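The values are calculated or read from the model by the stated rules, or taken from the named source; none is laboratory data. Note that the coordinates shown come from a computational prediction; the quantities given were computed from them, not determined experimentally. Backbone-built Cβ (ideal geometry, glycine too); neighbour counts: all protein chains shown.
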Amino acid sequence: MGDNPRRPILMLLTSHWLTFVGAALATTAICSWLFALPVQLRGHTSNPYIGILVFIIIPVVLIAGLILIVAGIFFGRKRLEKMQRHLIALPDRRIYLRRIAVFFVLTAAVNIVIGAEATYRAVEHMETAQFCGQSCHVMKPEFTARQNSPHARVLCVDCHVAPGAAGWVTSKAAGTRQLLDVVFHRARKPIESAIQSGRLVPSRVTCEQCHWPQKFDAVKLRVIERFQEDAANTETQTVLMMLIGGGDLGGIHGKHMGPGVEIHYAASDSARQTIPWVECRNRKTGVSNAFLADGSNPASIANLPRYEMQCVDCHNRPTHTFDLPDRAVDGALAEGRIASTLPFIKKEAVLLLKAKYASNDEASRAIPAALTEYYRQSDPALCNKRGQDIAAAGAEIAAIYNRNVFPDLKVSWGTYPNNLGHTDAPGCFRCHDGSHSTSDKKESITQDCNTCHEPLAMDEAPPGVLKTLNLSDYAASLQKK
Ligand code: HEC
Ligand code: HEC
Ligand code: HEC
Ligand code: HEC
Ligand code: HEC
């Protein structure tokens, strides 16, 4: 046996320096894993680059080590064959063989433990918002917007990954493609909206897992605060009673998503902002209506892609909500984040937000400076007296800019329109514009102002209805804080 040139395993393992280098690399990789993994994974807030180290670099080093070990064995074997050809005696290998076997079993056991732990933690880590939103800079706008939304605690994967193993694999394939796009600078700027790229997982397996479509409030009071661009920043309020409904209740939800209701539509652009054909079928009543927009005919819509209506056709921005300058400033004034007692602050803030800045850093510097400069020029006394309020307002305006505009990613005001409404984007009026009617023109999709909401007050200051409900004092107290 000792003379068999095919089995000098110990010698094979120990007779070439490449094997040692490989073993050293592999051991180092395993040890760094042991140390880096717990540090990285226990807390979810750590630096995403450590994630790249743990999940990409260390495995590459480990694999390189293993390849070197194999290469070392290959060359070692050549060397042994040469020794045997020259009849140089080889020592007895049995003892060493046994030791090596023990060594391998132990190493394998340790590796399995580490591997299992690493895989589990890696999977867990990949579910965190940090992994999705921060490892990948191009998703910064979505990550930022989510942090200020009702879904701030909902994981990215709950809305973007279908449940089950297939969804997980699809999402990892998509993630790998996105990583390559970023590495090779192929990523689109701005990234297409998820509806536009056709990659959004159906609402049925996401939204509807948490929100039960048949159970909604009948109505909801919406108070919309607006501020005019005059010296006093005059505040007005619009109060809408939203007829949300749901299930058999009818209303907004019931009419599109109620039992038996199915709405299909055709869109002529990928962002689905132009909808020339809509069909509404009710499986319970058997009624079915097709509506064509003025200027369209059956031939012009025949080849357009068709979709079934779902939650995200209206709620396309439930968490990545980007504002327009005017509305963002109104929100900050209403909540007292900007002092509404500063003369012309609404007008100035909107002007500053609409200006162009080369980067978010520049906006953070330029906006507060420009605001202070404005008050220094227009009213030096006020500027001295209210320096603190002006500085706070400047910082808030810059923060609004940095939440909504990302110059390096080409995300700007209005890049991602919100379909829930009709004042800032076509939204509901993509279908409810009064021009969509049946072929006999007897019925059309309604644009009646009282169908979706009952306007209880329109731009009043302050509305009687809020006084009745004792809500106007409450709003005022918020702003004083
Ligand atoms: C409550 C559900 C929800 C959560 C949570 C969520 N998203 Fe989204 N996301 C959406 C919807 C809906 C769209 C489609 C928007 C559209 O097409 O108009 C979208 C679109 C996107 C897009 C495409 C670009 C765009 O703005 O349309 C990216 C990128 C994205 N999300 C990343 C993330 C990341 C990263 C997280 C976690 C930090 C996250 N999402 C969490 C619902 C969600
Ligand atoms: C993992 C659970 C979960 C998923 C998935 C989820 N949501 Fe929500 N959503 C919530 C919770 C919890 C709230 C309530 C937050 C609050 O009241 O502060 C909420 C609130 C909302 C609201 C009310 C916001 C407001 O201003 O009052 C809307 C609208 C909404 N979700 C739509 C959606 C849509 C559309 C989707 C799918 C794209 C979705 N949600 C997916 C858990 C979820
Ligand atoms: C036809 C458009 C449309 C569709 C489709 C739609 N919604 Fe809504 N939804 C609305 C409107 C409009 C409101 C009221 C928004 C407001 O004024 O705050 C609303 C409100 C909500 C709210 C807040 C309710 C409350 O009482 O505060 C939730 C949650 C919600 N929708 C979830 C969903 C889910 C989940 C789906 C899919 C099953 C869905 N919506 C489908 C238009 C729609
Ligand atoms: C894809 C097209 C489409 C979009 C977008 C759309 N709807 Fe509708 N909506 C319809 C259709 C179709 C009907 C049923 C019309 C019919 O059968 O008379 C309808 C009916 C309604 C009704 C009941 C009307 C009635 O006469 O009782 C309400 C309320 C409503 N929609 C609210 C909304 C709101 C709010 C939005 C935006 C958040 C919206 N819809 C967006 C297609 C749409
Ligand atoms: C198809 C349903 C629908 C119809 C029809 C409709 N609205 Fe609306 N409207 C909405 C929704 C949804 C919102 C957004 C509520 C929110 O911000 O949550 C809205 C918001 C508004 C607002 C508040 C705008 C703001 O500043 O935020 C006003 C004002 C308004 N509607 C007036 C009208 C008038 C006037 C008509 C008649 C021409 C009308 N609406 C018809 C669904 C509808």
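Without any contact (Cβ under 8 Å) to a residue 24 or more places away in the chain, farther than 30 Å from Lys347 by Cα and out of contact with any helix residue (DSSP H, G or I) (no Cβ under 8 Å at 6 or more places or on another chain): does that describe Gly260?
Values: without any contact (Cβ under 8 Å) to a residue 24 or more places away in the chain: no; farther than 30 Å from Lys347 by Cα: yes; out of contact with any helix residue (DSSP H, G or I) (no Cβ under 8 Å at 6 or more places or on another chain): yes.
It is false that Gly260 is without any contact (Cβ under 8 Å) to a residue 24 or more places away in the chain, farther than 30 Å from Lys347 by Cα and out of contact with any helix residue (DSSP H, G or I) (no Cβ under 8 Å at 6 or more places or on another chain).
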Open item on the list: Can you tell me how many residues within the stretch 133-154 are among the basic types (Lys, Arg) and in contact (Cβ under 8 Å) with a residue 12 or more places away in the chain?
Closed with: 2
Task: Residues (within 14 Å of ligand 1 (Cβ to nearest atom) and either under 28 Å from Ile338 (Cβ atoms) or surrounded by fewer than 18 Cβ atoms within 10 Å (Cβ to Cβ) (or both)) located in the stretch 301-315 - done: Tyr307, His315
Open item on the list: Among (1) within 16 Å of ligand 5 (Cβ to nearest atom); (2) over 30 Å from Thr468 (Cβ atoms); (3) in contact (Cβ under 8 Å) with a residue 60 or more places away in the chain; (4) outside any strand (DSSP E or B), there is one condition Tyr265 misses while meeting the rest; what is its number?
Closed with: (4)
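Run down Gly421, Gly427, Gly434 and say which single residue is touching a helix residue (DSSP H, G or I) at 6+ places or on another chain (Cβ under 6 Å), outside the structural domain of Ala339 (by TED's automatic domain parsing) and small (Gly, Ala, Ser). Spell out the reasoning first.
Details: Gly427 fails: touching a helix residue (DSSP H, G or I) at 6+ places or on another chain (Cβ under 6 Å); Gly434 fails: touching a helix residue (DSSP H, G or I) at 6+ places or on another chain (Cβ under 6 Å).
One residue alone meets the criteria, Gly421.
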- [ ] Output the residues belonging to the stretch 168-203 that are of a type in the set (S, T, N, Q) and in a loop (DSSP other than H, G, I, E, B).
- [x] Ser193, Gln196, Ser197
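Here is a list: Ile397, Ile445. Which entry is β-branched (Val, Ile, Thr) and farther than 30 Å from Pro276 by Cβ?
Details: Ile445 fails: farther than 30 Å from Pro276 by Cβ.
Unique residue meeting the criteria: Ile397.
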Task: Which listed residue, of Phe227, Phe216, is within 30 Å of Leu333 (Cβ to Cβ) and in contact with a helix residue (DSSP H, G or I) (Cβ under 6 Å, 6 or more places away or on another chain) - done: Phe227
Open item on the list: Looking at the structure I just gave you, is Ala174 closer than 30 Å to Phe55 by Cα and either within 15 Å of ligand 2 (Cβ to nearest atom) or within 26 Å of the chain's Cα centre (by Cα) (or both)?
Closed with: yes
Open item on the list: For a quick check of your reading of the model, give me the residue pairs whose first member lies in the stretch 401-422 and is on the phi < 0 side of the Ramachandran plot and more than 16 Å from ligand 5 (Cβ to nearest atom), whose second is of a type in the set (S, T, N, Q) and modelled with pLDDT of 95 or more, with beta-carbon atoms closer than 6 Å and at least 6 apart or on different chains.
Closed with: Asn402/Asn360; Val405/Ser412; Pro407/Ser359
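Here is a yes/no grid of residues against (1) at positive phi; (2) touching a residue at least 40 places away in the same chain (Cβ under 8 Å); (3) within 12 Å of ligand 4 (Cβ to nearest atom):
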{"residue": "Thr372", "(1), (2), (3)": "no, no, no"}
{"residue": "Glu396", "(1), (2), (3)": "no, yes, no"}
{"residue": "Thr438", "(1), (2), (3)": "no, yes, yes"}
{"residue": "Met458", "(1), (2), (3)": "no, yes, no"}
{"residue": "Pro462", "(1), (2), (3)": "no, yes, no"}
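Return the residues of the stretch 197-226 that are among the polar types (S, T, N, Q) and surrounded by fewer than 16 Cβ atoms within 10 Å (Cβ to Cβ); say none if nothing qualifies. Can you show your working first?
Our first condition is that a residue be among the polar types (S, T, N, Q); within the stretch 197-226, this holds for 197, 203, 206, 209, 214.
Scanning the stretch 197-226 gives Ser197, Gln209, Gln214.
From the list Lys140, Lys78, which residue is more than 16 Å from ligand 3 (Cβ to nearest atom), more than 30 Å from Val21 (Cβ to Cβ), at pLDDT 75 or above and outside any loop (DSSP other than H, G, I, E, B)?
Working: Lys78 fails: more than 30 Å from Val21 (Cβ to Cβ).
Answer to the selection: Lys140.
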Open item on the list: Would you confirm whether or not the stretch 165-181 contains a residue that is within 26 Å of Pro417 (Cβ to Cβ), among the hydrophobic types (A, V, I, L, M, F, W, C) and buried (at least 18 other Cβ atoms within 10 Å of the Cβ)?
Closed with: no
- [ ] Could you run through the stretch 297-342 and say how many residues are touching a helix residue (DSSP H, G or I) at 6+ places or on another chain (Cβ under 6 Å), away from ligand 3 (no atom under 16 Å from the Cβ) and in a helix (DSSP H, G or I)?
- [x] 5
Task: Residue under evaluation Lys354, criteria (1) in contact with a helix residue (DSSP H, G or I) (Cβ under 6 Å, 6 or more places away or on another chain); (2) buried (at least 16 other Cβ atoms within 10 Å of the Cβ), criterion not met - done: (2)
